[in-house]
């Protein structure tokens with residue numbers, strides 16, 4: 001199952017190539033509690049087919065109704081939902097009590113638009129780190145290089161530009177099937193990761209059943225070495241089997257993955273470090289990239305608790321939070 005952002009942009013590309021006008025909706029600001037974070041996308045075509053989401057359903061329903069009534073015919077519209085003082089109608093109270101500000105772009109199926117969407121797709125696939133700049137007065141959009149950390153959406157009020165960071169879609173590669181693999185995959189799917197589980201045991205791979213996770217009956221190291229890791233990728237080895245875990249680590253440190261972790265006790269991790277240096281040819285800087293023992297120290301005992309600790313640590317690293325700041 002692909003990450004939702006990638007699904008949205010790939011569907012937008014398909015519809016544009018078919019000659020359809022589309023509306024790309026982006027959450028650009030939130031106030032208080034909100035169902036989706038800034039940068040969340042939904043794409044819609046004229047007959048109300050859509051993919052992605054902006055809220056729990058009420059915002060989408062209002063948008064589709066108003067679109068069917070001929071609204072949003074301008075290149076750019078900004079609508080605020082949940083604000084009693086907003087001039088737009090109708091006024092919608094979000095279930096969470098928050099406020100959403102949504103950027104709505106009407107995109108004709110012209111070659112420059114298709115090329116723009118292709119760049120968005122390639123960025124989500126890990127080829128670039130870009131800032132998407134949308135000019136609110138003209139509706140024009142262009143890309144600029146972006147390697148900095150910061151908010152997903154920045155509004156430059158003076159210039160009248162909305163700046164949206166576009167980075168590779170979140171991906172989790174789980175090396176090996178164990179009791180921890182299924183709850184870890186389930187947590188990751190819920191968190192919006194594209195999840196790939198690799199194990200050379202065909203019977204175990206066939207029996208693995210987590211909705212939304214994609215299973216490959218292949219040695220994880222072989223899959224990782226094929227070039228599937230980008231900077232939005234986390235790799236976790238969860239089997240306690242050095243034949244799977246060690247090889248996965250050796251290949252993963254050669255990639256730009258932002259998180260590489262392997263399960264095991266402190267003593268096991270020390271032994272693994274010696275083994276990876278001695279037999280795997282890893283250097284100390286490679287070892288420093290590995291999170292082992294994997295996961296936050298939550299006192300986890302059960303497979304689900306260990307999976308929770310693993311995913312919590314991945315999210316921590318993803319957002320640049322240091323252990324001392326928790």
Original post:
Using the alpha-carbon atoms, what tilt in degrees (0 to 90, nearest 10) does helix 111-124 show relative to the longest principal axis of the chain?
Top reply: 30
Original post:
If one takes the longest principal axis of the Cα atoms in the chain, at what angle in degrees, from 0 to 90 and to the nearest 10, does the Cα axis of helix 266-278 lie?
Top reply: 80
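With N set to the residue count of the chain, report its C-alpha Rg divided by 2.2 N^0.38 Å to two decimal places. Can you show the working numbers first?
Working: Rg = 21.9 Å, N = 326, 2.2 N^0.38 = 19.8 Å.
After normalising by residue count via 2.2 N^0.38 Å, the value is 1.10.
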Subject >> Longest to shortest principal axis, alpha-carbon extents of region 171-325, angstrom >> reply: 38, 35, 29
Subject >> region 4-166: relative contact order in percent, alpha carbon pairs under 8 Å with at least 6 residues between >> reply: 24
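Show that you can apply the helix-only estimate: for the chain, add -39,500 (n - 2.57) for every DSSP H stretch of four or more residues, divide by all residues, and state [θ] at 222 nm to the nearest 500.
Numbers: 10 runs with 105 residues, N = 326.
Calculated mean residue ellipticity at 222 nm is -9500 deg cm²/dmol.
Between residue 207 and residue 37, what FRET efficiency comes out of the Förster formula 1/(1 + (r/R0)^6) with R0 = 41 Å and r the beta carbon distance, rounded to 0.05?
Numbers: r = 35 Å, r/R0 = 0.85.
Computed FRET efficiency for residue 37 and residue 207 comes out at 0.70.
Got the relative contact order for region 171-325 handy, in percent, Cα pairs under 8 Å and 6 or more residues apart?
On the way: 278 pairs, mean separation 34.7, N = 155.
It comes to 22 percent, rounded to a whole number.
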Original post:
Using alpha-carbon positions, what is the distance between the centroids of region 109-182 and region 206-283, in Å?
Top reply: 27
**OP:** Please arrange 161, 177 by counting, for each residue, the other beta carbons lying within 10 Å of its beta carbon, fewest first.
**Re:** 161, 177
Original post:
How far is helix 303-318 tilted off the main Cα axis of the chain, in degrees rounded to 10, range 0 to 90?
Top reply: 60
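If you take every DSSP beta bridge fully contained in the chain, what fraction is antiparallel? Give it as a percent rounded to 5. Don't skip to the answer; put the middle values down first.
On the way: 38 of 58 bridges.
If we restrict to bridges inside the chain, about 65 percent are antiparallel.
Compare the peptides 228-238, 10-20 by average per-residue count of other Cβ atoms within 10 angstrom and give them in order, highest first. Please report the intermediate quantities before stating the final value.
Working: 228-238: 24.5, 10-20: 17.0.
Highest mean packing first, the order is 228-238, 10-20.
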Subject >> Relative contact order of region 214-257, defined on C-alpha pairs under 8 angstrom at six or more residues apart (%) >> reply: 52
**OP:** Starting with the highest mean, order 108-116, 22-30, 211-219 by the number of other Cβ atoms within 10 Å, averaged over the residues of each peptide.
**Re:** 22-30, 211-219, 108-116
Original post:
So between residue 191 and residue 78, what do we pick up on full extension, going 0.36 nm a residue minus the alpha carbon distance?
Top reply: 37.9 nm
Original post:
Which distance in nm do the two modelled labels at residue 157 and residue 321 give, with both placed 7 Å along the Cα-to-Cβ direction?
Top reply: 2.9
**OP:** If a/c stays under 1.5 just call it rounded; otherwise compare a/b with b/c (prolate if a/b is bigger, oblate if not). Do that for region 4-166, with a ≥ b ≥ c from the square roots of the Cα gyration tensor eigenvalues.
**Re:** oblate
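Need the full-extension length gain, residue 47 to residue 312, defined as separation in residues times 0.36 nm minus the C-alpha distance. One decimal, nm. Provide the component values of the computation, followed by the final result.
On the way: separation 265, 0.36 × 265 = 95.40 nm, distance 4.02 nm.
Once the chain is fully extended between residue 47 and residue 312, it gains 91.4 nm.
Only the coordinates and a few stated rules stand behind these numbers; no lab work does. Given the structure is predicted, the values throughout are model-derived calculations rather than measurements. Counting neighbours? That spans all protein chains shown, and the Cβs are built from the backbone with ideal geometry, glycine included.
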